[in-house]
Amino acid sequence: MPRLAFRLLVPSLSILIRCLPAYGQTAAQPLPSHAESTDNDKENKAILEVGGATSWNVSGGAATWAPNLAAEIEPIENWLELELGISPFYTHNSKEWDTDLLFKKPWTLSRKAEFMLGIGPQWVHLKQNGRWTNTIAGEVAGDFMFWPNGKHHFGWFLEPAYDYSFAREHQKSLGISFGLLIGIR
């Protein structure tokens, strides 16, 4: 089964990287003159995501809730965004810390809406029955970002995700993260 997951993961990542810019994304523009420069031409250096997350094990088990914190940067404009996030899940019997690094392809839908499709590794640090374990998983996520005023200072996000664990049990889970976006200039 891990071979099948790997065979699916590699072509998916290849397709994601090769995607062409979508409608609404622009090519490089000439630099504005000093008189034209305003607050609007400042790009965010990073975007902070603060909110909540839920996860549900597909093969059984209850849904769990957790706070969620993530930061995004865009090293290659209109082509690649990197997101590093963490969510601590707690139940009466276990503690789980999920840390993920997603490689995302962004598409600008409008001045106020963006969509990103991402894939990447996830590290799961789990304490269950008094024993700590560490596993690696793969994650695929779609990220919807909404900026109410179009200025990318503050907004909100909704990010559904699918996780596949490479541990012995091959746990599969569905989850969703949601919350506030804060643009850092």
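The values are calculated or read from the model by the stated rules, or taken from the named source; none is laboratory data. All of these numbers come straight from a predicted model, not from anything done at the bench. Every residue, glycine among them, receives a Cβ derived from its backbone with ideal geometry; neighbour counts consider all protein chains shown.
Condition (residue is on the phi < 0 side of the Ramachandran plot, at pLDDT 95 or above and assigned to a loop (DSSP other than H, G, I, E, B)) applied to region 128-147: is it met by at least one residue? Yes, because at least one residue in region 128-147 is on the phi < 0 side of the Ramachandran plot, at pLDDT 95 or above and assigned to a loop (DSSP other than H, G, I, E, B).
The number of residues in region 79-104 being closer than 22 Å to Gln128 by Cβ, of a type outside the set (Gly, Ala, Ser) and surrounded by fewer than 16 Cβ atoms within 10 Å (Cβ to Cβ) comes to 7. Could you say whether any residue in region 101-120 is modelled with pLDDT under 95 and over 27 Å from Pro148 (Cβ atoms)? Scanning region 101-120, I find no residue that is modelled with pLDDT under 95 and over 27 Å from Pro148 (Cβ atoms), so the answer is no.
Name the residues in region 91-116 that are among the acidic types (Asp, Glu) and under 14 Å from the mean Cα position of the chain (by Cα), would you? Asp98, Asp100, Glu114, listed by residue number. Residues that are hydroxyl-bearing (Ser, Thr, Tyr), part of a strand (DSSP E or B) and farther than 21 Å from Gly179 by Cα within region 75-121 comprise just one, Ser94.
Conditions (1) more than 17 Å from Ala53 (Cβ to Cβ); (2) surrounded by 17 or more Cβ atoms within 10 Å (Cβ to Cβ), marked per residue:
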{"position": "Trp147", "(1), (2)": "yes, yes"}
{"position": "Phe154", "(1), (2)": "yes, no"}
{"position": "Phe157", "(1), (2)": "no, yes"}
{"position": "Asp163", "(1), (2)": "no, yes"}
{"position": "Arg168", "(1), (2)": "yes, no"}
{"position": "Phe178", "(1), (2)": "no, no"}
{"position": "Leu181", "(1), (2)": "no, yes"}
{"position": "Arg185", "(1), (2)": "yes, no"}
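Taking the stated definitions as given, is Asn68 at pLDDT 50 or above, under 16 Å from the mean Cα position of the chain (by Cα) and at positive phi? It is false that Asn68 is at pLDDT 50 or above, under 16 Å from the mean Cα position of the chain (by Cα) and at positive phi.
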